[in-house]
Each structure stands twice: as C-alpha cells, then as structure tokens.
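Here's the structure we're looking at; comments come further down.
The values are calculated or read from the model by the stated rules, or taken from the named source; none is laboratory data. Being a predicted model, the structure only gives us computed values, none of them experimental. Methodologically, a virtual Cβ is constructed for each residue, glycine included, from the backbone with ideal geometry; neighbour enumeration extends over all protein chains shown.
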Amino acid sequence: MDKKNLNDAISAGYDSWILRDKRNLLIGFSIVMHTPDLSHLLLIAIKKDFQRKGFGSLLLNWCEKKSREKSSGISLEVRSSNDIAISFYKKSNYKCIGIRKNYYRDKNLCEDAFIMEKLFHKCEQNGK
C-alpha cells in the first residue's frame, strides 16, 4: 500500500475511506474521484495480511454508495494480469468496457489495463 497516494488524494479533496484495526493500525483504504456523470475508483488497497477477509468488499461498497450520491456510475482500471481483482469486480457486477494499452509502466515493463464500469439504475441513485 502506498501511503503517499492516500495523502495526495486527501489533499486533492477526493473521497477517501481508511480502515484501521483494533490497534488503530492501517488495514486499507479506498479513493474515489467524482464527476457529474461518472465517478472514478482510483484505488482500493488492503494490506496483504487482511486480504480475502471482506475488507475490499467493504471499501468497494462504500465507494459505490458515495458514487450513487454524485453520479450515474463508477469506472476503474485494473491490470490485465490481475485475475483476482478482475474476478472481485465482476462479482460486484462490473463489466469490462475497454482496454488502455500500456497503461501501467513499471521500470522496463508495460502492461495493459482493463477499463471496468458499473452503471447505477435510476432507482438506486434515488435511494429507492
């Protein structure tokens, strides 16, 4: 997890949610940016020891709740090789709508990103 990303997002005014354990240690966080038509999930990060225990779903649900209040859906990018994350988003009804070529660049490695999106129904936006 990159604490700099979290601090930058908070400084920029993006919606951020932090999860802490009973000892007040950081478990994970999420960052979502809103526009009038579509929110953008910038990051969900969970410490390795806490993964696959429902914390990612908790953060995703929070992001979706905030996004329903401000836009008609939510989009994100995910590494094309990240099968676990892709499956996680598909279980929450996200659809792959495109590819960003060479989106992730780490030193000598470039990797595509899948663009995933979930649109909200009108009744969900109105809280019905």
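Residues that are surrounded by 18 or more Cβ atoms within 10 Å (Cβ to Cβ) and touching a strand residue (DSSP E or B) at 6+ places or on another chain (Cβ under 8 Å): which strands (runs of 3 or more DSSP E) entirely in segment 1-111 hold 1 or more of them?
Answer list for segment 1-111: 15-20, 26-33, 39-46, 73-79.
When residue 84 is evaluated against the numbered criteria (1) modelled with pLDDT of 95 or more; (2) under 20 Å from residue 29 (Cα atoms); (3) among the hydrophobic types (A, V, I, L, M, F, W, C), which criterion, by number, is the only one it fails?
(1)
Here is a check on your reading of the model: is residue 47 in contact with a Gly (Cβ under 9 Å, 6 or more places away or on another chain) and not small (Gly, Ala, Ser)?
Yes: the conditions hold for residue 47.
For every residue, the table says whether it meets (1) out of contact with any Asp or Glu (no Cβ under 8 Å at 6 or more places or on another chain); (2) on the phi < 0 side of the Ramachandran plot.
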{"residue": "26", "(1), (2)": "yes, yes"}
{"residue": "33", "(1), (2)": "no, yes"}
{"residue": "66", "(1), (2)": "no, yes"}
{"residue": "80", "(1), (2)": "no, yes"}
{"residue": "83", "(1), (2)": "yes, yes"}
{"residue": "93", "(1), (2)": "yes, no"}
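Quick test for you: out of 30, 11, pick the one residue that is under 26 Å from residue 106 (Cα atoms) and at pLDDT 90 or above.
The conditions single out 30.
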